[in-house]
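The values are calculated or read from the model by the stated rules, or taken from the named source; none is laboratory data. On a predicted model such as this, the values are computed, not experimentally measured, just so you know. We place every Cβ from the backbone using ideal geometry, glycine too, and count neighbours over all the protein chains shown.
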């Protein structure tokens, strides 16, 4: 999942470029753990994506929040389990991470 501006959504491009993305969210699967934690972390930082969240659905469900620093590398903001109050773009959001895996 990605977050972008209303203007980009209205333009409805067939594909987004990294400059259009302010937040990327990856949900890890068994085969993507290393890619999400190492490769994409580096690639998204290099592309200039301001925030990167990694959601791990293994119990307990967690979210690792990374924010781009001035040296174009991600700084780890925090890791949250089950429930999270995450600040993004100046707003604090309450996320019920457990609901991602509840029936």
Any residue at all in the stretch 36-53 that is under 17 Å from residue 81 (Cβ atoms), within 15 Å of the chain's Cα centre (by Cα) and at pLDDT 90 or above? yes
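Count, please, the residues in the stretch 21-35 that happen to be in a helix (DSSP H, G or I) and either within 20 Å of residue 86 (Cβ to Cβ) or at pLDDT 90 or above (or both).
The total comes to 0.
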Looking at 54, 49, which one is assigned to a loop (DSSP other than H, G, I, E, B), surrounded by 16 or more Cβ atoms within 10 Å (Cβ to Cβ) and on the phi < 0 side of the Ramachandran plot? 49
Search result, residues across the stretch 57-103 that are surrounded by 13 or more Cβ atoms within 10 Å (Cβ to Cβ) and without any contact (Cβ under 8 Å) to a residue 12 or more places away in the chain: 87
Note on the stretch 82-103: residues touching a helix residue (DSSP H, G or I) at 6+ places or on another chain (Cβ under 7 Å) and in a strand (DSSP E or B) are 83, 84
Residues (over 19 Å from residue 50 (Cβ atoms) and at pLDDT below 90) located in the stretch 74-103: 100, 101, 102, 103
Taking the stretch 58-80 and keeping residues more than 24 Å from residue 4 (Cβ to Cβ) and within 15 Å of the chain's Cα centre (by Cα) leaves 61, 62, 79
